[in-house]
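The values are calculated or read from the model by the stated rules, or taken from the named source; none is laboratory data. Because the structure is predicted, anything quoted here is derived from the model rather than measured. Here Cβ is always computed from backbone atoms with ideal geometry, including for glycine, and neighbour counts include all displayed protein chains.
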Ligand SMILES: [Zn+2]
């Protein structure tokens with residue numbers, strides 16, 4: 001899979017490259033096929049705007065287990081092509097609903113219309129340690145690549161997280 005066709009200059013700048021750790025994470029994320037389809041569908045349906053939402057599931061032994069995908073509104077309407085701002089009310093409602101269910105919010109996904117599936121400095125500013133951050137690259141309205149990221153404990157770099165979608169866990 002190649003997305004080099006859509007790599008705006010800024011993605012090759014030092015500011016972008018320096019916040020990606022060359023060492024991949026030892027953590028893994030398991031995303032069931034049905035959830036991958038949902039992510040792709042939402043990202044393509046929202047194109048050319050950025051879509052975002054939450055991953056619901058659990059975290060055990062450096063493995064995120066996704067059980068559900070929940071779209072949340074992107075409140076950034078002015079720059080919805082390249083910025084996202086997850087609706088806090090949507091977040092809180094889902095967080096409240098999950099209390100006592102054994103499931104929790106484990107990550108935030110968003111799309112990058114006509115851009116690589118690599119995080120931007122803006123993504124770093126809003127990233128929380130312990131959360132998984134899938135990014136879906138959508139080029140010309142079609143999903144080109146899906147990658148997942150996590151932020152280090154200093155909050156200054158992203159590491160690539162392996163996505164595993166086998167049906168058995
Ligand atoms: Zn982003």
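List every residue pair whose Cβ atoms sit under 7 Å apart, with the two residues 6 or more apart in sequence or on different chains, where the first one lies in segment 119-130 and is within 17 Å of residue 80 (Cα to Cα) and touching a residue at least 24 places away in the same chain (Cβ under 8 Å) and the second, anywhere, is assigned to a loop (DSSP other than H, G, I, E, B) and within 9 Å of the ligand (Cβ to nearest atom).
That search, which allows pairs on different chains as well, returns 122/83.
Pull up segment 88-112, narrow it to residues that are surrounded by 15 or more Cβ atoms within 10 Å (Cβ to Cβ), away from the ligand (no atom under 16 Å from the Cβ) and closer than 29 Å to residue 48 by Cβ, then point me to the one that is nearest to the chain's Cα centre (by Cα).
Among those residues, the one meeting the criterion is 106.
Might you let me know whether segment 69-76 holds any residue that is within 14 Å of the ligand (Cβ to nearest atom), surrounded by 17 or more Cβ atoms within 10 Å (Cβ to Cβ) and assigned to a helix (DSSP H, G or I)?
No - not one qualifying residue is present in segment 69-76.
Applying the selection to segment 22-44, what residues are closer than 20 Å to residue 150 by Cα, more than 14 Å from the chain's Cα centre (by Cα) and modelled with pLDDT of 95 or more?
32
Quick check on residue 82: is it farther than 20 Å from residue 28 by Cα, out of contact with any helix residue (DSSP H, G or I) (no Cβ under 8 Å at 6 or more places or on another chain) and either within 12 Å of the ligand (Cβ to nearest atom) or at pLDDT 95 or above (or both)?
Values: farther than 20 Å from residue 28 by Cα: yes; out of contact with any helix residue (DSSP H, G or I) (no Cβ under 8 Å at 6 or more places or on another chain): yes; either within 12 Å of the ligand (Cβ to nearest atom) or at pLDDT 95 or above (or both): yes.
For residue 82, the condition - farther than 20 Å from residue 28 by Cα, out of contact with any helix residue (DSSP H, G or I) (no Cβ under 8 Å at 6 or more places or on another chain) and either within 12 Å of the ligand (Cβ to nearest atom) or at pLDDT 95 or above (or both) - is met.
I'd like to verify a number: residues in segment 45-61 that are within 21 Å of residue 150 (Cα to Cα) and not in a loop (DSSP other than H, G, I, E, B), how many?
First pass over segment 45-61, keeping only residues within 21 Å of residue 150 (Cα to Cα): 50-61.
The next check asks that each one be not in a loop (DSSP other than H, G, I, E, B); those that pass are 52-60.
Here the count works out to 9.
Counting just the residues of segment 113-129 that are outside any helix (DSSP H, G or I) and under 26 Å from residue 140 (Cα atoms), which one comes out farthest from the ligand (Cβ to nearest atom)?
First pass over segment 113-129, keeping only residues outside any helix (DSSP H, G or I): 113-120, 126-129.
Narrowing further to those that are under 26 Å from residue 140 (Cα atoms): 113-120.
Working: 113: 10, 114: 12, 115: 8, 116: 10, 117: 9, 118: 8, 119: 6, 120: 5 Å.
Per the stated criteria, the residue is 114.
So, in segment 130-140, of the ones that are under 13 Å from residue 43 (Cα atoms) and not in a loop (DSSP other than H, G, I, E, B), which residue ends up nearest to the ligand (Cβ to nearest atom)? Before the answer, list the steps.
Within segment 130-140, the subset under 13 Å from residue 43 (Cα atoms) is 134-140.
When the remaining residues are screened for being not in a loop (DSSP other than H, G, I, E, B), the result is 134-139.
Values: 134: 11, 135: 6, 136: 10, 137: 10, 138: 12, 139: 15 Å.
By that ranking, first place goes to 135.
When you look at residue 13, is it surrounded by fewer than 16 Cβ atoms within 10 Å (Cβ to Cβ), without any contact (Cβ under 8 Å) to a residue 40 or more places away in the chain and under 18 Å from residue 66 (Cα atoms), yes or no? Step through it out loud before you land on a result.
Values: surrounded by fewer than 16 Cβ atoms within 10 Å (Cβ to Cβ): yes; without any contact (Cβ under 8 Å) to a residue 40 or more places away in the chain: yes; under 18 Å from residue 66 (Cα atoms): no.
So residue 13 fails the test.
Of everything in segment 141-169, what is assigned to a strand (DSSP E or B), out of contact with any helix residue (DSSP H, G or I) (no Cβ under 9 Å at 6 or more places or on another chain) and without any contact (Cβ under 8 Å) to a residue 40 or more places away in the chain? Give them in sequence order. Steps first, answer last, please.
So in segment 141-169, the residues assigned to a strand (DSSP E or B) come out as 142-151, 158-164.
Those still in the list that are out of contact with any helix residue (DSSP H, G or I) (no Cβ under 9 Å at 6 or more places or on another chain) too: 145, 147-148, 150, 159-162, 164.
Within segment 141-169, just 147 meets the criteria.
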